[in-house]
Amino acid sequence: MVDEILEAFINAARYQPLRGGTYMPVPEKLKNKTAIINIKNGDNTCLRWALRAHLFPARRNVDRTTSFPTNDRLNFTGIDFPMPVSQIGNLERPNPGSAINVFGWDKDEVIVHRLSEEDRNIPKINLMIMKQGNNTHYSYVKRL
């Protein structure tokens, strides 16, 4: 049994998880080009929204989630969000016909992060990944 407490210490730390779904603007040099569809999503599934932009091209308000259907028939079983580039192969396998390339932008140059190894006859889906600190965000590249 405790008779008295002489001292008590409380340590607190701010929890800042990796937030992969937060919207990020396109880099300035690419902003006015109409090649990139950058959807303003508020969840961790920016990769899924970028794929929807490829599958269901919108005519208006292409940066809004409301412009795309949510029933996309893609199989994301066993996929964690936010998804690192290294796991995109895990998305291609259960979704036949998916061949995903991922590019980036650094020092005013395009960087190749991943080229799909899927069949050459399958049309490629080109995505751009942007990074700010620990955050990442995928956008759809409708033309290179």
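Below is a table of values for the structure above.
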| read-out | value |
| --- | --- |
| The range 94-110, residues that are within 16 Å of the chain's Cα centre (by Cα) and either exposed (fewer than 15 other Cβ atoms within 10 Å of the Cβ) or in a strand (DSSP E or B) (or both) | 100, 101, 102, 103, 104, 105 |
| Residue in the range 132-143 that is surrounded by 12 or more Cβ atoms within 10 Å (Cβ to Cβ) and either assigned to a loop (DSSP other than H, G, I, E, B) or over 17 Å from the mean Cα position of the chain (by Cα) (or both) present | yes |
| Leading residue by the ranking (surrounded by the most Cβ atoms within 10 Å (Cβ to Cβ)) among those in the range 47-72 that are in a loop (DSSP other than H, G, I, E, B) and of a type in the set (A, V, I, L, M, F, W, C) | 68 |
| Hey, residue 56 aromatic (Phe, Trp, Tyr) and either more than 30 Å from residue 107 (Cα to Cα) or at pLDDT 95 or above (or both) or not | yes |
| Flag for residue 91 being part of a loop (DSSP other than H, G, I, E, B) and of a type in the set (A, V, I, L, M) | no |
| The range 111-144, residues that are β-branched (Val, Ile, Thr) and either at positive phi or in contact (Cβ under 8 Å) with a residue 24 or more places away in the chain (or both) | 122, 125, 129, 136, 141 |
| Candidates 75, 44, filtered to the one that is more than 27 Å from residue 32 (Cβ to Cβ), assigned to a loop (DSSP other than H, G, I, E, B) and modelled with pLDDT under 90 | 44 |
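The values are calculated or read from the model by the stated rules, or taken from the named source; none is laboratory data. The shown structure was predicted, so the numbers you read here are calculated from the model rather than taken from an experiment. FYI the Cβ positions are ideal-geometry reconstructions off the backbone, even for glycines, and counts take in every protein chain you see.
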